[in-house]
Amino acid sequence: MKTILLEKPGRFERVQTVNPRSPGPFEAKVKVKRVGICGSDLHAFRGRQPFFSYPRILGHELGVEILDLGPGDTDLRAGDLCSVEPYLTCGKCIACRNGKTNCCTSLNLIGVHSDGGMREEIIVPMNRLHRSESLSVDQLALIEMLGIGAHSVDRAKLCSGEWVLVIGAGPIGLSVVQFAQIAGANVVLLEQNPDRVDFCKKWFSVAHALDGSGGDITGELERLLDGELPTAVFDATGNAGSMCTAFSYVANGGRLILVGIVQNEIRFQDAEFHRREMTVLSTRNALSSDFTRIISLMESGVVNTDPWITHRAEYDDFVESFPGWLDPSEGVVKAMLSL
């Protein structure tokens, strides 16, 4: 079957691999229809992805069609269109036992820790398939990415009318903006790229955007918020310098949510951290309940997916198209591979 293999950093290849076996108990064989391109895929291509080995078949943002089902009680049927929850968990560790399957101690993210969906067919557990009778495969391939933002907003426990700062308007930052607005928050965006700022103003009606390339950001926030600072700050940059600086933007008694991940140390001034009695939260992946909720919000029209997909490729031109998507001037928000 047609497969796209990341042989080593900087080198994709179109190859043929063996079709998967028949599904076992509580497994499904699915046809991969769409693969969303994630920041982790870009990092893997550049050789900067932690917990990663080569060669690897990438792809964890998947819109699929069920081809066959193994034995097991399920309401799924062949022909169903589904989003794949790509987090394979043990179900036994302390995190899983406490309902935090997103941070399972032995979590396996397909397309990162093991081979993923850049191939025609794969086997996945039935309980990792989330069906929709009305969403397109394009929309279903967006749900995992949206889940990152949705879960981070849930972690922050935002209140309606609360002032929130979102740092970084990449795809994850944009998903944070979208779900913070759904929670009723007032969003301020901090972003260096003027095209991303324009995107947020056009599609998400973000009224307040600050230039992240320099200046007195703390002062600008205080002028905007009548001398105060936002009570929730989300850093979605994946940049250690930005994540360290974000501590200074949080109001007394507020919280900082680190959505991005880096391998660097994050440093902050302890006395100031204590003076503000600040809460710092990490956020990882998403839960099954996030997938279910997002599908419902998309089906009802609350979550608009129209703006997301800006670039596309098919099997025959993906290898040639992908390197160009790393260029910021290309204006990629979300690229999608069709198989």
- Message: Need pairs with beta-carbon distance below 7 Å; first residue in a loop (DSSP other than H, G, I, E, B) and within segment 43-57, second modelled with pLDDT under 85 and loosely packed, with under 11 Cβ neighbours inside 10 Å; sequence gap 6+ or separate chains.
- Response: Pro50/Gln263
- Item | Single residue of segment 291-328 satisfying the filter (of a type in the set (D, E, K, R) and within 22 Å of Leu58 (Cβ to Cβ)) that is modelled with the lowest pLDDT | Asp327
- Restricting attention to segment 211-228, and to residues there that are under 13 Å from Thr245 (Cβ atoms) and not hydroxyl-bearing (Ser, Thr, Tyr), which single residue is surrounded by the most Cβ atoms within 10 Å (Cβ to Cβ)? Leu221
- Across segment 213-243, the tally of residues that are in a loop (DSSP other than H, G, I, E, B) and either in contact with a helix residue (DSSP H, G or I) (Cβ under 8 Å, 6 or more places away or on another chain) or assigned by TED's automatic domain parsing to the domain that holds His43 (or both) stands at 6
- Condition set in contact (Cβ under 8 Å) with a residue 60 or more places away in the chain and in contact with a Leu (Cβ under 8 Å, 6 or more places away or on another chain), scope segment 252-276, selection surrounded by the fewest Cβ atoms within 10 Å (Cβ to Cβ): answer is Arg255
- Task: Specify the residue that is farthest from Phe234 (Cα to Cα); the eligible residues are those in segment 172-192 that are touching a strand residue (DSSP E or B) at 6+ places or on another chain (Cβ under 8 Å) and assigned to a loop (DSSP other than H, G, I, E, B).
- Result: Gln192
- Residues in segment 130-142: is at least one more than 25 Å from Glu65 (Cβ to Cβ) and out of contact with any Lys or Arg (no Cβ under 9 Å at 6 or more places or on another chain)? no
- Message: Taking the criterion of being on the phi > 0 side of the Ramachandran plot and touching a residue at least 24 places away in the same chain (Cβ under 8 Å), would at least one residue in segment 220-241 satisfy it?
- Response: yes
- Message: So, restricting to strands (runs of 3 or more DSSP E) that lie completely within segment 88-171, which ones have at least 2 residues that are farther than 30 Å from Asn186 by Cα?
- Response: 121-125, 129-131
- Within segment 113-123, can one find any residue that is under 19 Å from Ser338 (Cα atoms) and of a type in the set (Lys, Arg)? yes
- Query: If you go through segment 41-50 one residue at a time, do you hit one that is among the hydrophobic types (A, V, I, L, M, F, W, C), at pLDDT 95 or above and surrounded by 14 or more Cβ atoms within 10 Å (Cβ to Cβ)?
  - Reply: no
- Task: Return the pairs, sorted by first residue and then second, in which the second residue is surrounded by 14 or more Cβ atoms within 10 Å (Cβ to Cβ) and modelled with pLDDT under 95, the first residue lies in segment 13-30 and is over 20 Å from Glu65 (Cβ atoms) and in the same structural domain as Gly63 (by TED's automatic domain parsing), the beta carbons are less than 6 Å apart, and the residues are 6+ apart or on different chains.
- Result: Pro25/Gly72
- Can you tell me which residue within segment 277-310, out of those that are out of contact with any Leu (no Cβ under 9 Å at 6 or more places or on another chain) and free of Cβ contacts under 8 Å to residues at least 60 places away in the same chain, is nearest to Phe234 (Cα to Cα)? Glu277
- Filter segment 229-251 for residues that are buried (at least 21 other Cβ atoms within 10 Å of the Cβ) and aliphatic (A, V, I, L, M); the one that is nearest to Lys157 (Cα to Cα) is Ala232
- Item | Residue under evaluation Ile94, criteria (1) surrounded by fewer than 19 Cβ atoms within 10 Å (Cβ to Cβ); (2) closer than 23 Å to Leu281 by Cα; (3) modelled with pLDDT under 95, criterion not met | (3)
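The values are calculated or read from the model by the stated rules, or taken from the named source; none is laboratory data. Keep in mind that what you see is a predicted model, and the values were worked out from it rather than measured. Every residue, glycine as well, gets a Cβ built from its backbone with ideal geometry; the counts of neighbours run over all protein chains shown.
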